[in-house]
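Worksheet: the structure to be examined is printed underneath.
The values are calculated or read from the model by the stated rules, or taken from the named source; none is laboratory data. From a predicted model like this one, the values you see are computed outputs, not experimental measurements. Using ideal geometry, Cβ is built from the backbone for each residue, glycine included, and neighbour counts are taken over all protein chains shown.
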Amino acid sequence: MKLSNVRFEALHSLRRVSSGLLVLAFLSGCPKVSPNNVAFGNIPLGMGAATRTVTLENRSTGNLAVSSMKVAGAHKADYRLSAPATPLEVLPSEELGVGVAFYPLALGTRTAAIEITSGPSNTVLSVPLSGQGVPKAANGLNYANDGSVVGTNLSPISDWSPEWAFLDCFKSSRAWISGTIATFQDSRTLPLDANGWVTSLQTAQCAKTLLFWAQQGTYPSGDYVVLYDGLGKLEYRDAATRIQTAAGRDVVRVDASKGGWQLWITQTDPANYIRNIRVVMPGGGSPRDPHSWWATAASCPYPDFQPFEQSYQTLIFHPAFLKTVRNYKVLRFMDWMSTNNSTQQNWTDRPTPLDARWTYRGVPVETMCALANTLHADPWFCLPHMATDDYMKQFATALRDYLSPELRAHIEYSNEVWNGSFGQAGYAQQQGLALKLNTNPYIAQAYFTARRSMEMFAIFTEVLGGTQRLRRVLATQAAGWGMGEQEIKYMNAYQQADLLAIAPYIGLEFGSPANQAATQAMTVDQLFAAINNTALPEVYAWIDANASLARKYGLELACYEGGQSLNGYYGVENNNAINTLFDAANRDPRMGQVYTAYLNAWNARGGGLFVHYLNCLNYSKWGRWGALERLDRATASAPKHAALQQFIEDHR
């Protein structure tokens, strides 16, 4: 069997990043391995570690024959290998991903090895595996989110977000900008390869990107390591200054108090253009405390400090980010998937681990599974509204192979298909009318949403061999439960679903044009009085109506998004007085009290899982969505975050 460019796209398509990375490079017939082992750490009996990925790469000029891939050793039964059938051949410059997971069967050190036999002489390359089986906790809590009834949405991946999720922060950089040394931006195009790397430059042309833009003091200062392949020249501007350089590696010193910074490609060799740029964040960590990081080895209290330059491929996620989301049982990836107004249709349209950045097509499913595995959190995926059946089948296949089997994937057809401000709503309405589902355009829209949801549920159920690993979501408008009932009863859709999900936001009315004058005249005290006296009772009525609907059709009521919604719209977002009022209210301790009352009412009135919108984002005229404004913000100064964490503890 030969591997084409498809390369097991759905099953084993990883190359350089996923839930862990091990690169096996066969250079001129001489196999090498880096890193030289895979260590899973302490895993409670009956549970599993996040899947690590081994990437087999053939850099020679001839085909690489692989006769076998297996796990061997004293405790081989503790390790699960996800590998294609052998024998096979890996073509020159092709790569093959293989997953390995750890499920300890006994206490103590559990060792084994991946053995890959290749080449005409049957050379065996051995990759040691190790992990510790530890007892389950006496209280039944082995992960920080065990028993948690709260989830969170994650911030969009962007250069302007303070939620720096990845150790390789280039993944969050802005799309390439064409310019010159003297002119920031011009109208010329930049030719890109399939992964988004600039293949050539015109005369005096530079390719520029932005990192942490407008993020003054909300990300770490320190020495960032820039790694790249190819020949050319990089330059840095604004908050970054190069202090070391060598072939394929620069060190830049960044002063975050100066705001964001720029990375420019000023020269590149078209025959060997600069590509695979990685920007590794400063500092390092210890496996003994995966949710903390230190600037240097001297400041780390543990002897096994490892700089992020050595671990970014296997750890992937920044410990500071992991620390803020570790208590959430569900992670909703709507923004990570660039769901709203998505243009993705075919599986070839999807984001991949090899993409230069994840800010335009979204984050790969492999990486989202890696985060879910790392935190032992159930993922919530929002599939693109134009996705083909094959796209959904391939996505489901990736979940089957990369998501830890004890986790349950929530699957939802797009996001807010009822909401006319998003392209998916118009698409659903057009499709519903074209299929003659109903002559009323809004009912046709609801019917199509139900129909396509059921088709999606059926595809995932078939690929995953049942619904044990799924939570099937039908979502509707919190204030529109009448139309919601039209959706969930169409063709008995409720019989194929598990959750009825709504977004019971608080306070949207205060930012409307109709209420602008009244809101502008309010003090913070008056705003909180209005929230408690009018906004919350209105939300409770929505919850009651939808809880009754869920009970009627045998569904669990869930919140796919929720929290405060103090933001102006239709022009009110430009009212400085209202923005100042909304900022102050979100930072006031009384907002924590509002959240506590709201969450307790949600629970008492029949609500189940509550997924807040969202974890970490700066406040702006477009909203104050973040429970945190920055990852290093103390809980005491973040009343929404503090209330969410306390609710988790009170309801385990």
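Here are some notes:
- Residues in segment 587-615 that are crowded, with 22+ Cβ neighbours inside 10 Å and assigned to a helix (DSSP H, G or I): MET591, VAL594, TYR595, TYR598, LEU599, TRP602.
- Evaluated against (1) surrounded by fewer than 22 Cβ atoms within 10 Å (Cβ to Cβ); (2) at pLDDT 95 or above; (3) at negative phi, ALA634 falls short on exactly one condition, (2).
- Of all the listed residues (THR266, THR209, THR203), the sole one being farther than 30 Å from PHE305 by Cβ, β-branched (Val, Ile, Thr) and touching an Asp or Glu at 6+ places or on another chain (Cβ under 7 Å) is THR266.
- Against the conditions (1) touching a Gly at 6+ places or on another chain (Cβ under 9 Å); (2) closer than 18 Å to ALA377 by Cβ, ALA446 satisfies every one except (2).
- Against the criterion of being without any contact (Cβ under 8 Å) to a residue 40 or more places away in the chain and either out of contact with any Lys or Arg (no Cβ under 7 Å at 6 or more places or on another chain) or not in a loop (DSSP other than H, G, I, E, B) (or both), ASN438 qualifies.
- Single match in ARG80, ARG110 (criterion: surrounded by 17 or more Cβ atoms within 10 Å (Cβ to Cβ) and of a type in the set (D, E, K, R)): ARG110
- Single unsatisfied condition, TYR360 versus (1) assigned by TED's automatic domain parsing to the domain that holds LEU609; (2) not in a loop (DSSP other than H, G, I, E, B): (2)
- Scanning segment 240-299 for residues that are charged (D, E, K, R), over 30 Å from PHE40 (Cα atoms) and within 24 Å of the chain's Cα centre (by Cα) gives a single hit, ARG275.
- Total residues in segment 430-442, condition surrounded by fewer than 21 Cβ atoms within 10 Å (Cβ to Cβ) and under 19 Å from GLU412 (Cα atoms): 1
- Residue pairs meeting the criteria (Cβ under 8 Å; at least 6 apart or on separate chains; first within 17 Å of SER126 (Cα to Cα) and in the same structural domain as HIS75 (by TED's automatic domain parsing), in segment 85-113; second among the β-branched types (Val, Ile, Thr) and assigned to a loop (DSSP other than H, G, I, E, B)): GLY99/THR51; VAL100/THR51; ALA101/THR51
- None of ASP335, ASP289 is modelled with pLDDT of 95 or more, farther than 13 Å from LEU167 by Cα and charged (D, E, K, R) except ASP335.
- Identity of the residue in segment 363-380, within 8 Å of the chain's Cα centre (by Cα) and in a helix (DSSP H, G or I), that ends up farthest from ALA144 (Cα to Cα): THR367
- Meets criteria (in a loop (DSSP other than H, G, I, E, B), crowded, with 17+ Cβ neighbours inside 10 Å, touching a residue at least 24 places away in the same chain (Cβ under 8 Å) and in contact with a Cys (Cβ under 8 Å, 6 or more places away or on another chain)) for GLY626: yes
- A single entry from ARG472, ARG451, ARG551 fulfils the requirement of being among the charged types (D, E, K, R) and either buried (at least 21 other Cβ atoms within 10 Å of the Cβ) or not assigned by TED's automatic domain parsing to the domain that holds LEU399 (or both): ARG472.
- Test: residue in segment 146-164 that is farther than 30 Å from ALA271 by Cα, hydroxyl-bearing (Ser, Thr, Tyr) and not in a loop (DSSP other than H, G, I, E, B): yes
- Selection count where residues are part of a helix (DSSP H, G or I), over 18 Å from the mean Cα position of the chain (by Cα) and charged (D, E, K, R), scope segment 392-435: 1
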